[in-house]
Every structure is written in C-alpha cells, then in structure tokens.
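The block underneath contains the structure these notes are about, expressed in structure tokens.
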Amino acid sequence: MDGFVTMIYRQIKRFINSRSRFVMSIVNPIIWIIFFGLGWSNVFRFPEAKVIFGGLDYLTYLASGMVAMSIIMSSFMSGMSVIWDKRFGFLKETLVAPASRAEVILGRAFGDSIISVFQGLIILIFMYFITSKINLLGVLPALTYGLILAMCFTSFGLVIALKLSSMEGFQMIINLMTMPLLFLGGIFYPIDSLPEWIKVIAYINPVTYAVDGMRYSLTRVSKFEPIVDVFILSSLAAIMSVLAVRSYNSTTIED
Amino acid sequence: MVGESIMVEKIVKRFRDVTAVDGVSFSVREGEVYGLLGPNGAGKTTTIHILTTLLRPTSGTAYVAGYDVVKESDKVRKEIGIVFQDPSLDDQLTAYDNMYIHGKLYGLKGDVLRSKILEMLDFVDLKDFKYKQVKYFSGGMRRRLEIARSLLHEPHVLFLDEPTIGLDPQTRLKLWEYVRRIKKERNITVFLTTHYMDEAEELCDRISIMDKGKIVAEGSADELKSLVGSEVIYLKFKNEFNKVSGCLEADFIIKCNRVKDNLMEIVVKDATTALPQLFEIINRLNIEVTEVSYKRPTLNEVFISLTGRELRDSLEYETLPQFIRRW
C-alpha cells in the first residue's frame, strides 16, 4: 500500500501548494453557471419547460451537471500533470522506484480524483445557495458518484498522457473529447431529447450515468435506476483503471 | 555477492535508426568509483538508463548488485540510487517532501525515515532549507538535494549521470567532495558519467572512454595516459651552464633534446619515478638547475589519439532526442 498512499499524499500536497490551479478549476464552472445557467433558466421560465427537465427548474436541473463538469475538467488535469512530470523528470523518479507500479499509478489517479471531488463539492455548495432545492442528504452519495467518475477520467487522462510527450497534443485530444462528453452526457439537457443515432454515444458515455446518479441523489430526478448508474459507472471506471495500470507498467522512458 | 557490483556483457541498444550503445562490456568492483567518459551522444546516458532498468537493452546482459536488470528489475531498483542528468525533483514540493516521498516509495517508514531524511539533508548542507519549495532552489542546491535523495535508502550502487553539468566551479568542487565522502564513509559503489576530463581524473578509480556507443579504452587515469605514452621533463639551467655539451643519458631516458642553450627536454615513461633518478645524475654532475617542470599527457590527448577527435569538439555530435515524439 505504500506506493498508493504515497502518491495520494504527493498529488494532494502538490495541489495545496499551487493555489492558481485550484482557483482556475473553480472559476471555469462558475462562469458557465452564471452566463449559461442563469441565461437559459430565464428562457425556460414557461410552464411546459418543467416537464422537459423532470419537474425541476432549469438551474436546479443544471446543478448536478455542473458538479460533474467541474469534476471531469479537473480530472483531465491529472493527465496533464503526468506530462509535466515527464518534462520535469519526476516521472523517472517514480519509474525507477521499487514501489509497485500499479500502486503508484492508481495512487496518482485516486489522489487526483479526491482533488477533483473536492472541487466538485465547492461547486455544489455554490449551487446550493443559488438554487436552494438541493437535497442535502444526497450530497454524500452524489460525491461518491463524483469520485467514481473522477477515477474514470483521471485514468483515461493518464492512459493518453503516458503515450504523449507534448502538452499541445494532450490538450488537443482533451479539447476534442470534452465537448461531446459534456453535451452527450445529460449535463445541459436530458439525453431523451437527442436524435436516436446520437443517443448511442450518450449511452456509452460514463458522464451520462454519473450525472444521472448525482441528479437522483440531489434532486430525486433520474432516468435510470440508481443501481444501474452505479454498476455501469463502476465498470467503466474499473476498465479505465486497468488500462492505466497496464500502460504504466509498460512505460519506459522511450515514450 | 563477491567483488563485482556491476557486470555488463555486450549490451546493445538500438533506437529506431540509431545504435546508441554498440556492444559494451565492462565490470565495476564493489566500492569503486567508476567513470564513463565521453562526448555527448556517446551513449553514456543510455548505458545508465539500461543499468537502472529504465530501458531494455536490445541484446546483451547486465547485472547490477548481482541481479539481472531485465529479469530482476524489481530487485535491482531496490539496490540502486540515481541522480539523473536532468533534474527529477518535484519543484512544487518542499525539499523535505521530496525526500519523504522518495523514502516512502522505497519502503522506508516513520521515525527511521524522518531521521534519515535529516541526516542526508545535513550531509549535503541543506538542513536549513528543508521546508522551502524546490522551485526556489539554485541549480547547485537541486543537485545536492538529488544526491541526498539518491542516498536516502542506502543503495549499494549509486549512479550519477553527468553530476556537475551546468554547475559553477565552486559547486563542482563541493559535489566532488560529496562523491569522495560517499565512497569513503559509506563504501558505496559509484558509477558516474561525465564529459569533463578533470572530473573523471579527480574522482574515478577506473575510467572507460566511450565514443559512438563503444568503449574504446579502459583503465585508471594513469594507465590511460600511458597509452599515449611518454611524459616530458623540462630542465632549465643557469645561463653559464656549459658542462654538458650534449645531453643527459640514462636507461630511463627515452629521448633527450637541447631545446635552447639552457633548456633541456627529456622524454621519459613515467616522470614521477624518473625525477628522483634525474636529480641524482644532476647532483653527481654538479649541474645547477634553476627550474624543473614536467608535462603529463591529459585524458584529452588520450581521447584524441583514440578517436581522432577532441573531446570538447565533439559537442556538436548529434545527441539522442530526449523524448521520441509520437505526436
């Protein structure tokens, strides 16, 4: 367990030491909430709108999605930090250590996931004050969904980052992925309203299940049974983690 | 484990189109400081990366501390400490945290780890900076911290890849001092690469000269220098000196030459043993000598005679890319 715990310690300590990263990852979702959320919530004032959003007003509907979004965004940063570590040599230090590589990479993913969930929590608190229709008992389960979601995307980011050496390349891939992940994950609107062929993508998107689970916990509105959400999300996270371990095991400094 | 800390047999490392290491063999005795001297791009760092399990050799075998670097890489990793050529510290963390994380990754715990960290930070004179973030450290301080970190888990073999590159002269001297102390106080085998001749000469018990992926010569600094042969002694006499019209003669003198009236050049095999004998002759002949100097061949000359190039000229020689890019 040493490698696992050590890497969690390292990632969190590093996060605490760089406040700018923290501020940036909070500011981004808040900007979305203010400019996107408040704007559209006025558009969706008409009575039929509530039907579309499962009986919720738009801002409350958006709350769960915004938490998930901030978690996804900051989870991808985990991959970024691997590229930094490649550049600045710390990756070599962990590669040459006798600690188990599986523990090291999972510890890294888990440490970054905790950070992501912490940021999600701050967004959730913010949302609580501007909507005040959030079920407080659901916060803990919602954050658990968030943690599994974060494991999914930190691992995914790590898999990509371990293969790359340039920040630009990584950023490009992530930018390309984020938009479909966010828009086809039920964050901004229910996936039911999507055309059939796009729905297919939504159904394999882990974001769909995380957001659905969170929405159930926080606002009692959901599309799937919570148990389905947990099962599919956990499976996807497990697959991603295994992929991350495998690519880290085969990492040499040639990559 | 008897005698040999590192054993390398015919290792070859080929990257896509370059052969970085081309059939290198050598062995390093326990407790020895062994140097790999060569220009940039000679394959020194690749050799270190193979020995430290970071790269797999294309062919050949290597043993470090008695373990195969490919098949028993986990065991090798426990036995070695490394200071990489490029910094490998986490500069957003404090010196103490860098040490702490390293210790944890090597399985150290609790009070043992804490006291060991303080001991090692003290060893490299960084105790006062332990809670400072590494990003505020100078190049020399970083290097010292890396040395402290590499010794934290008490390795049997310490690898230093270009330990003094880019450091100012005072810091270099200080690092040399640490290396000598590591050898003396801790009896750790040290394997270092360098392209500075003075560094190899100062620190290493034995040196291999590496060029274009091959080892072209091996031996102590003195042995290597004797490859290019002779040393030259210069004797300067008082102006009125006339007693010896020709030259001095003895069986240890290879060649003797009157450069000027009062200056004589004597070629010998080994100046350190020749000088006392020379003085004896001078005394016997009752000649007044005002100045004695001698010139020994430097490793640079050794390098030139072995490769036909100057060590410092070969800096433009193509180096391997740091990361082979896929994007």
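Worth pointing out:
- Residues A:58, A:9, B:100, sorted by accessible area with the largest first, give A:9, B:100, A:58 [1.4 Å probe; ligands and nucleic acids excluded].
- Accessible area of residue B:176 in the full protein assembly, 1.4 Å probe (Å², nearest 10): 20 Å²
- Chain A, helix-only ellipticity at 222 nm - DSSP H runs n ≥ 4, -39,500 (n - 2.57), divided by all residues, nearest 500: -25500 deg cm²/dmol
- Using a simple spin-label model with pseudo-atoms 7 Å out from Cα toward Cβ, residue A:172 and residue A:227 lie 4.6 nm apart.
- Residue B:223 accessible area, 1.4 Å probe, all protein chains in place, Å² to nearest 10: 110 Å²
- Efficiency of FRET from Cβ geometry, residue A:22 and residue A:196, R₀ 45 Å, rounded to 0.05: 0.65
- Computed from Cα positions, the angle between helix B:271-285 and the longest principal axis of chain B comes to roughly 20 degrees.
- Relative contact order of region A:2-249, defined on C-alpha pairs under 8 angstrom at six or more residues apart (%): 27 percent
- The charge dipole of region A:2-249, taken about the Cα centre with unit charges on the Cβ atoms of Lys, Arg (+1) and Asp, Glu (-1), comes to about 540 debye, rounded to the nearest 20.
- Relative contact order for chain B, counting Cα pairs under 8 Å that sit 6 or more residues apart, in percent: 20 percent
- Label-point separation in nm, residue B:252 to residue B:170, each point 7 Å along Cα→Cβ: 4.2 nm
- Contact order for region B:4-43, expressed relative to its length and based on alpha carbon pairs under 8 Å spaced 6+ residues apart, stands at 40 percent.
- Between residue A:48 and residue A:125, the FRET efficiency estimated from the beta carbon spacing at R0 = 30 angstrom works out to 0.45.
- Simple label model, 7 Å out from Cα along Cβ direction - residue B:288 to residue B:181, nm: 5.0 nm
- Efficiency of FRET between residue B:18 and residue A:239 - r from beta-carbon atoms, R0 22 angstrom, step 0.05: 0.05
- Degrees between helix B:169-186 axis and first principal axis of chain B (Cα, 0 to 90, nearest 10): 80 degrees
- Between helix A:206-219 and chain A: long-axis angle, C-alpha atoms, 0 to 90°, nearest 10: 50 degrees
- Among the listed pairs B:71/B:109; B:127/B:225; A:86/B:75; B:184/B:255; A:86/A:199, those with a Cα-Cα distance over 32 Å are B:127/B:225; B:184/B:255; A:86/A:199.
- The alpha-carbon of residue A:133 sits under 20 angstrom from the alpha-carbons of these aspartates and glutamates, leaving out residues fewer than 8 places away in its chain: A:48, A:57, A:212.
- By a 1.4 Å probe calculation restricted to protein chains, residue B:79 has an accessible surface near 40 Å², given to the nearest 10.
- Candidate aspartates and glutamates - alpha carbon under 19 Å from residue B:104, same-chain residues fewer than 8 apart omitted: A:2, A:85, A:93, A:103, A:112, B:74, B:79, B:90, B:91, B:119, B:146, B:154
- Long pairs among B:13/B:135; B:78/B:183; B:13/B:269; B:174/B:214, criterion Cα-Cα beyond 28 Å: B:13/B:135; B:13/B:269; B:174/B:214
- Hits among aspartates and glutamates - C-alpha to C-alpha of residue B:238 under 19 Å, sequence gap 8 or more where chains match: B:261, B:265, B:280, B:288, B:291
- Extreme residue, positive dipole direction of chain B, given options B:107, B:191, B:64 (C-beta unit charges): B:107
- Reported value for the protein assembly as shown: 185 Å³ per residue, from the convex hull of its C-alpha atoms.
- Gap separating the Cα centres of region B:184-225 and region B:251-278, nearest whole Å: 29 Å
- Residue order for A:204, B:182 - accessible surface, 1.4 angstrom probe, largest first: A:204, B:182
The values are calculated or read from the model by the stated rules, or taken from the named source; none is laboratory data. Small disclaimer: the values here were computed from a predicted structure and weren't measured. So basically every Cβ, Gly included, is an ideal-geometry build from the backbone, and we count neighbours across all protein chains shown. Ligands, DNA and RNA are excluded from the accessible area calculation, which covers all protein heavy atoms including side chains. Shrake-Rupley method; radii C 1.70, N 1.55, O 1.52, S 1.80 Å.
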